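The values are calculated or read from the model by the stated rules, or taken from the named source; none is laboratory data. Note that the coordinates shown come from a computational prediction; the quantities given were computed from them, not determined experimentally. Here the Cβ positions follow ideal geometry from the backbone for every residue, glycine too, while neighbour counts run over all protein chains shown.
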Amino acid sequence: MSVAGSHDQGSTLNVLKSFDEAKMQGFHWRTVFTAGMGFFTDAYDLFIIGTVTAILTPIWGLTTGNIAILNSTSLAAAALGALFFGRLMDRFGRKAMYGVEMTMLTFGAILCAFAPSFGWLVAFRVLVGFGVGGDYPTSSVLMSEYSNRTNRGLLVTMVFAMQGLGLLIGPLVAAALLSTSMPHEIVWRVMLGLGAIPAASVIYLRRKMAETPRYLAVVKGDMAKAGAVVSSLTNTAVERAKVTTQKVVRQTWNKRNLIRLIGTAGSWFLLDIAFYGNGVSSQLILKALLPGAALVTTTLVAAAIFLIAAIPGYLVAAKYMDKLGRKAIQLVGFVIMALAYGALFLAPGIAKLPILFLIIYGVSYFFIEFGPNTTTFIVPAEVFPTNLRGSGHGMSAAAGKVGAFLGAFFLPVILAASGLPFTMGLLAGVALLGVLLTALILPEMRGHSLDETEEFAPATT
């Protein structure tokens with residue numbers, strides 16, 4: 001470990017404490033919107049592909065293998081994007097990377113809409129996925145470092161909750177387009193191209209945001225600039241304390257940080273196997289449940305599940321994240337997921353009762369959102385020191401996207417080969433592993449300052 005900067009603990013904590021203890025203000029909500037629109041786009045882009053593949057299957061004669069590749073390509077690219085952007089934002093700053101990933105998403109969506117063949121569509125989805133992956137560490141870490149201490153869980157959750165709107169809008173857009181007389185050869189292109197609009201809408205806002213005071217103070221050692229940003233955002237004067245010098249230590253991947261990484265990355269990996277495999281393959285699951293239904297019908301059923309189960313899950317998570325804590329919510333979510341999937345495995349006859357199946361399926365969705373889908377996004381932005389926070393979140397998100405890739409790639413194959421009950425039993429086992437990892441490793445950051453992740457050298461006089 002090395003000593004970072006020429007500033008002292010007192011002056012660092014004085015500037016950052018005023019930011020930590022600031023009341024909720026307009027800049028908090030502007031940041032939520034600016035960061036959240038990225039997750040709206042991420043969700044739309046990643047989940048609309050399930051409907052697109054259903055449309056393209058008869059048009060391009062896609063095989064099961066083609067569908068698996070198309071569904072999972074962006075997720076594999078997202079893992080690389082998360083690693084790349086997470087590392088760079090620790091080295092060059094949060095602001096340097098913010099907006100770059102949205103530019104990639106914008107151009108990727110437009111290129112996908114004009115893809116002339118299956119191979120080109122896969123290639124363009126790689127670009128989309130890289131941008132999606134980059135948005136995970138940049139938005140989460142930036143929002144976490146812009147938040148105050150008591151509302152950090154709420155604010156970061158609200159950013160992630162924009163994913164819920166993307167989950168809802170995607171199926172509704174698909175259903176609306178499928179209900180028109182527009183040829184399917186055009187419909188899928190419009191679906192993919194629309195993803196460029198929300199991404200492009202926030203590029204300017206992101207590029208104009210100031211660097212986070214925490215990065216300026218702790219990593220760059222620029223106390224004057226950090227204080228100026230805090231004063232500008234909170235409209236209060238911030239004085240630098242004159243105390244005994246005590247240097248902030250630039251941490252490495254020591255035992256504590258590595259154990260935390262195992263907890264954050266492992267939990268996200270397990271969650272995304274179930275969540276993305278389940279979500280991206282929702283059309284296949286609903287088709288297996290309702291074999292005679294039209295594509296527009298199963299699309300609307302998927303939208304109804306998101307509206308009734310997923311959206312309330314996000315909202316309840318936001319309300320209670322700073323009251324119940326991240327660890328408790330993640331544990332409850334994994335437990336209910338295991339019970340819901342386990343019920344569908346142990347009582348396969350439920351699959352023949354559409355209403356009962358959809359109720360259980362919806363309950364699992366609620367507790368995915370009021371549970372590990374939200375907390376796995378929040379925790380990595382809190383438990384690592386500032387100089388490793390982007391990398392830690394990036395590696396955790398990358399692990400999640402590897403899990404998402406495995407779920408999206410193999411779940412359709414497993415579903416076709418072994419049936420719905422066996423598939424749900426497999427997901428129940430994954431959720432149980434999530435329970436164990438959460439209980440044994442993850443720390444709780446509810447109500448704690450991010451300062452507690454830092455280390456300081458002995459004081460000098």
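Given (1) more than 29 Å from LEU415 (Cα to Cα); (2) assigned to a helix (DSSP H, G or I), identify the lone condition not met by PHE130.
(1)
If you scan the stretch 357-381, which residues turn out to be touching a Gly at 6+ places or on another chain (Cβ under 9 Å) and of a type outside the set (Phe, Trp, Tyr)?
Selection gives ILE368, GLU369, GLY371, PRO372, ASN373, THR374, THR375, THR376, ILE378, VAL379, PRO380, ALA381.
Can you name the residue in the stretch 393-413 that is farther than 18 Å from PHE130 by Cβ and surrounded by 24 or more Cβ atoms within 10 Å (Cβ to Cβ) and, of all such residues, is modelled with the lowest pLDDT?
Result: PRO412.
Of all residues in the stretch 180-214, which are closer than 24 Å to ILE55 by Cα and acidic (Asp, Glu)?
GLU185
What is the residue count in the stretch 152-179 for residues that are in contact (Cβ under 8 Å) with a residue 24 or more places away in the chain and either of a type in the set (Gly, Ala, Ser) or over 29 Å from ILE55 (Cβ atoms) (or both)?
15
Can you tell me which residue is modelled with the highest pLDDT among those in the stretch 84-103 that are surrounded by fewer than 22 Cβ atoms within 10 Å (Cβ to Cβ) and either within 14 Å of LEU192 (Cα to Cα) or aliphatic (A, V, I, L, M) (or both)?
Selected residue: LEU88.
Might you check whether a residue that is surrounded by fewer than 22 Cβ atoms within 10 Å (Cβ to Cβ), of a type in the set (Asp, Glu), within 28 Å of LEU83 (Cβ to Cβ) and under 21 Å from the mean Cα position of the chain (by Cα) occurs anywhere in the stretch 364-375?
no
Among residues belonging to the stretch 118-163 that are of a type in the set (Gly, Ala, Ser) and closer than 21 Å to ILE67 by Cβ, point out the one that is surrounded by the most Cβ atoms within 10 Å (Cβ to Cβ).
Only one residue tops the list, namely GLY129.
May I ask you to say which residue of ILE329, ILE336 is surrounded by 19 or more Cβ atoms within 10 Å (Cβ to Cβ), within 23 Å of VAL435 (Cα to Cα) and not acidic (Asp, Glu)?
Going through ILE329, ILE336 in turn, just one is surrounded by 19 or more Cβ atoms within 10 Å (Cβ to Cβ), within 23 Å of VAL435 (Cα to Cα) and not acidic (Asp, Glu): ILE329.
Does ALA76 count as of a type outside the set (S, T, N, Q), farther than 21 Å from VAL159 by Cβ and in contact (Cβ under 8 Å) with a residue 60 or more places away in the chain?
For ALA76, the condition - of a type outside the set (S, T, N, Q), farther than 21 Å from VAL159 by Cβ and in contact (Cβ under 8 Å) with a residue 60 or more places away in the chain - is met.
Could you say which residue among THR157, THR234, THR180 is hydroxyl-bearing (Ser, Thr, Tyr), out of contact with any Cys (no Cβ under 6 Å at 6 or more places or on another chain) and modelled with pLDDT of 95 or more?
THR157
Among the listed residues LYS287, LYS242, LYS247, which satisfies the condition of being within 25 Å of LEU344 (Cα to Cα), of a type outside the set (S, T, N, Q) and modelled with pLDDT under 70?
One residue alone meets the criteria, LYS287.
Name the residues in the stretch 347-357 that are among the aliphatic types (A, V, I, L, M), assigned to a helix (DSSP H, G or I) and without any contact (Cβ under 8 Å) to a residue 12 or more places away in the chain, would you?
ILE350, ILE355, LEU356
Would you tally the residues in the stretch 104-117 being surrounded by fewer than 24 Cβ atoms within 10 Å (Cβ to Cβ) and either within 16 Å of ILE197 (Cβ to Cβ) or out of contact with any helix residue (DSSP H, G or I) (no Cβ under 6 Å at 6 or more places or on another chain) (or both)?
9
Determine whether PRO58 is part of a helix (DSSP H, G or I) and either of a type outside the set (Phe, Trp, Tyr) or touching a helix residue (DSSP H, G or I) at 6+ places or on another chain (Cβ under 9 Å) (or both).
Here the answer is yes, as PRO58 does meet what is asked.
Does ARG149 meet the test of being part of a helix (DSSP H, G or I) and in contact with a helix residue (DSSP H, G or I) (Cβ under 9 Å, 6 or more places away or on another chain)?
For ARG149, the condition - part of a helix (DSSP H, G or I) and in contact with a helix residue (DSSP H, G or I) (Cβ under 9 Å, 6 or more places away or on another chain) - is not met.
Within the stretch 375-392, does at least one residue satisfy the condition of being modelled with pLDDT of 90 or more, in a helix (DSSP H, G or I) and among the acidic types (Asp, Glu)?
Within the stretch 375-392, none of the residues are modelled with pLDDT of 90 or more, in a helix (DSSP H, G or I) and among the acidic types (Asp, Glu).
Can you pull out the residues in the stretch 16-30 that are over 21 Å from VAL218 (Cα atoms) and polar (S, T, N, Q)?
Hit for the stretch 16-30 is GLN25, nothing else.
Quick check: is even one residue across the stretch 286-297 surrounded by 21 or more Cβ atoms within 10 Å (Cβ to Cβ) and under 16 Å from the mean Cα position of the chain (by Cα)?
No, the stretch 286-297 has no match at all.
To keep it simple, each residue is scored yes or no on (1) acidic (Asp, Glu); (2) modelled with pLDDT of 95 or more; (3) touching a His at 6+ places or on another chain (Cβ under 7 Å); (4) at positive phi.
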| residue | (1), (2), (3), (4) |
| --- | --- |
| LEU415 | no, no, no, no |
| GLY425 | no, no, no, no |
| LEU432 | no, yes, no, no |
| VAL435 | no, yes, no, no |
| GLY447 | no, no, no, yes |
| ALA459 | no, no, no, no |
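Here is a check on your reading of the model: is GLY134 without any contact (Cβ under 8 Å) to a residue 60 or more places away in the chain and within 14 Å of ASP42 (Cα to Cα)?
For GLY134, the condition - without any contact (Cβ under 8 Å) to a residue 60 or more places away in the chain and within 14 Å of ASP42 (Cα to Cα) - is met.
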